[in-house]
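Read through the structure below, which is laid out as structure tokens, and then see the notes.
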Amino acid sequence: MSGSLPSVEPAAAPVFQWTPHPVFLVPTRAQAQALIAQHGPEEAQRRLRDLWRKREDLIALEKVDPLRIPHAYEPEPFRKARALLEESDELAVLGQNRSGKTVFTNKFCMEQLVHRENQVGAYFHQTQESSVNQQQNIVYRFLPQEWRQLGRQGDSIYVQYTEATGFSNNKFILPNGSRAYFFNYKQDISILEGYEFDFVLFDELVPLPFLETARFRRGRGRKLRILVSFTPKTGYTATVGSIVEGATITETLPAKLLAPDVVHVRGCAPGHMPYVMQCRRPGARVMFFHWGTNPYGAHEEIKQAVSGEASGKIKMRAYGWVDRVAGNAFPRYSRHHKITREQFAAIEARGGTRYVYCDPGFDKNWFIAWIF
């Protein structure tokens, strides 16, 4: 896949230096010899040179102009996520560390800004510092080169970026009228008031109030899409629960790092992990970027990191799945325990006693249980 391929005629032809790449493969020695046998040394040399040049150009374009899809290979999870966004308006992308979740979500959002006019987008990250260092540099990389340093041109065009400080004033405005704003979870949630967005991207684990508030930032004529991207390394949080509780597993994939004869998640075949889930809300989906499905991913590094670990950690770090732990107040509580007001009224009519239990928790969250 890398290095040099011996020339077809060592005495006269040069040796091509092939840049390593996980997808664009290098011809094998057997293929080169078959080319010589079929077309002769000179024609084989010409064809190999053309192949080498096209391959090197593709690799270079993929780095300097990654937004143009013909230049860049897209792994299967990216194509699947695009298909899900055609039929839904909210997609949570969970999965392996360094599996391409951030790359896909940022690329998709930049496509909305560049290829459509007057789009308005919002990017969220954990802090202002992490927004600049971990998010804004990726957003900048997906901007078309001709728009990367437009500077300030009146009020309608405004793109100023430095690696040290990110985008000037945490925003940019493109020549087609599209604009983007950068926020973080340390800010007051009221910053969302007054905005109407075409997309909102929550990178890293978003606090539940931000996610719930963003769902109402819809404007007339705008199809709001919400993307959430993270690996649930903090466990089963309120945000994780709001996304997966009551969801139905619709597609699974084999989990190569887990035992093949064990049911790892209820609703999956032995040896499988969830790939796509339909949420309670019809317009929402969950997708999991699995270990080994993205050739650009850090698969060997993750495999070594989880080697010998408990299955719970492997499921979380390699497949984006987190189980509800026994320490939860009601670990077995699920959609089966939720009833309608009409069902409760029928139960209430038979008579009973109401109780309330309260644990103030002091500096933690209060815990209150109502029982009838």
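The values are calculated or read from the model by the stated rules, or taken from the named source; none is laboratory data. Small disclaimer: the values here were computed from a predicted structure and weren't measured. Backbone-built Cβ (ideal geometry, glycine too); neighbour counts: all protein chains shown. The protein model used for the area step is the full one, side chains on, heavy atoms only, and it has no ligands, DNA or RNA in it. Shrake-Rupley method; radii C 1.70, N 1.55, O 1.52, S 1.80 Å.
Which of the helices (runs of 4 or more DSSP H) contained wholly in the range 23-141 include at least 2 residues that are among the hydroxyl-bearing types (Ser, Thr, Tyr)? Write out each step before concluding.
Details: elements: 29-39, 41-64, 76-87, 101-115.
Those helices (runs of 4 or more DSSP H) span 101-115.
Which residue out of GLU204, GLU193, GLU163 is open to solvent by 70 Å² or more (accessible area, probe 1.4 Å), closer than 29 Å to ARG98 by Cα and not small (Gly, Ala, Ser)?
GLU163
Search the range 272-296 for residues being of a type in the set (Ser, Thr, Tyr) and in a loop (DSSP other than H, G, I, E, B), and hand back the single one that is nearest to ALA259 (Cα to Cα).
So the residue we want is THR293.
Only residues that are open to solvent by less than 70 Å² (accessible area, probe 1.4 Å) and over 20 Å from PRO66 (Cα atoms): list them for the range 133-155, please.
GLY151, GLY154
Might you check whether a residue that is on the phi > 0 side of the Ramachandran plot and in contact (Cβ under 8 Å) with a residue 60 or more places away in the chain occurs anywhere in the range 152-174?
First, pick out the residues of the range 152-174 that are on the phi > 0 side of the Ramachandran plot: 154, 166, 169-170.
Now drop any that are not in contact (Cβ under 8 Å) with a residue 60 or more places away in the chain, which leaves none.
Scanning the range 152-174 turns up no residue that is on the phi > 0 side of the Ramachandran plot and in contact (Cβ under 8 Å) with a residue 60 or more places away in the chain.
Mind listing whichever residues of the range 197-251 are more than 18 Å from the chain's Cα centre (by Cα), in a strand (DSSP E or B) and aromatic (Phe, Trp, Tyr)?
Within the range 197-251, none qualify.
Enumerate the pairs (first residue in the range 119-139 and farther than 12 Å from LEU201 by Cα; second residue anywhere and among the hydroxyl-bearing types (Ser, Thr, Tyr) and outside any loop (DSSP other than H, G, I, E, B)) with beta-carbon separation below 7 Å, excluding pairs fewer than 6 apart on the same chain, so at least 6 apart or on different chains.
Filtered contacts from the range 119-139: ILE138/THR102.
Assess whether ASN97 counts as being farther than 21 Å from ASP65 by Cβ, in contact with a helix residue (DSSP H, G or I) (Cβ under 9 Å, 6 or more places away or on another chain) and open to solvent by 10 Å² or more (accessible area, probe 1.4 Å).
yes
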